[in-house]
1. Kindly indicate which of 135, 115, 67, 147 is aliphatic (A, V, I, L, M) and in contact with a Phe, Trp or Tyr (Cβ under 6 Å, 6 or more places away or on another chain).
2. Would you point out which residue out of 124, 131, 113 is small (Gly, Ala, Ser) and crowded, with 18+ Cβ neighbours inside 10 Å?
3. Which residue pairs have Cβ atoms under 6 Å apart, sit 6 or more places apart or on different chains, and have a first residue in region 93-121 that is in a helix (DSSP H, G or I) and a second that is charged (D, E, K, R)?
4. Hey, among the residues in region 1-16 that are closer than 18 Å to residue 109 by Cβ and touching a Pro at 6+ places or on another chain (Cβ under 8 Å), which one's surrounded by the most Cβ atoms within 10 Å (Cβ to Cβ)?
5. Of the residues 90, 148, only one is part of a strand (DSSP E or B) and either among the hydroxyl-bearing types (Ser, Thr, Tyr) or without any contact (Cβ under 8 Å) to a residue 60 or more places away in the chain (or both); which?
6. Starting from residues that are under 13 Å from residue 105 (Cα atoms) and hydrophobic (A, V, I, L, M, F, W, C), keep the ones in region 62-83 and report whichever is modelled with the lowest pLDDT.
7. Would you mention how many residues in region 42-57 are part of a loop (DSSP other than H, G, I, E, B) and surrounded by 24 or more Cβ atoms within 10 Å (Cβ to Cβ)?
Amino acid sequence: MKAAIVFDSRTHTTEKAAAFIAEGLKSIGEIEVRCFNIDDADFAYIQQSQLVVFGSPTYMASVTAKMKSWLESNAGKLKLAGKLGGAYATEQYIHGGAENAIQEMLVFMMVMGMMTYSGGSACGKPVIHLGPVGMSQDIESFKELFMTYGQRMGEQLLKLL
């Protein structure tokens, strides 16, 4: 099984969060994971993946303009219908709007025919309702949260296949 984590990152914080999610996914053992900055996305790999997670820094309580444009302009190339999907965000300020950014990516996924998942309260603590959020200035302290999210996404993928 293959999983792709696709992100925009300006200060490498969202990239680090992607690596944490990948670490959680790899702990499942049966999943090959690759992370891609949107500037270097491997469309063939993403198309072959059964799981795709999108991540974005939060700007103006939203995804970056670059991420929004990339998602819209590449929607047809990604071949996302029927895949499992999830989203995460990073932000500089507590209550900086990361939940809005995650919701934007989840809505995009649903419009493209994906099945979205986060685990929600069904998985217990930490409760991750929409997707994990980490503070940019201290992303390392959110490593366990992102790894847990990756593990849960991997477990859900195994249930679906």
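1. Details: 135 fails: in contact with a Phe, Trp or Tyr (Cβ under 6 Å, 6 or more places away or on another chain); 115 fails: in contact with a Phe, Trp or Tyr (Cβ under 6 Å, 6 or more places away or on another chain); 67 fails: in contact with a Phe, Trp or Tyr (Cβ under 6 Å, 6 or more places away or on another chain).
Criteria check complete, one pass: 147.
2. 131
3. Between residues of region 93-121 that are in a helix (DSSP H, G or I) and residues that are charged (D, E, K, R), the close pairs are 98/91.
4. This residue is 14.
5. When all the criteria are applied, what remains is 90.
6. 75
7. Residues meeting the conditions: 1.
The values are calculated or read from the model by the stated rules, or taken from the named source; none is laboratory data. Bear in mind that the values here come from a model prediction, so they are computed numbers and not experimental data. Glycine also receives a Cβ, built like all others from the backbone with ideal geometry; neighbour counts cover every protein chain displayed.
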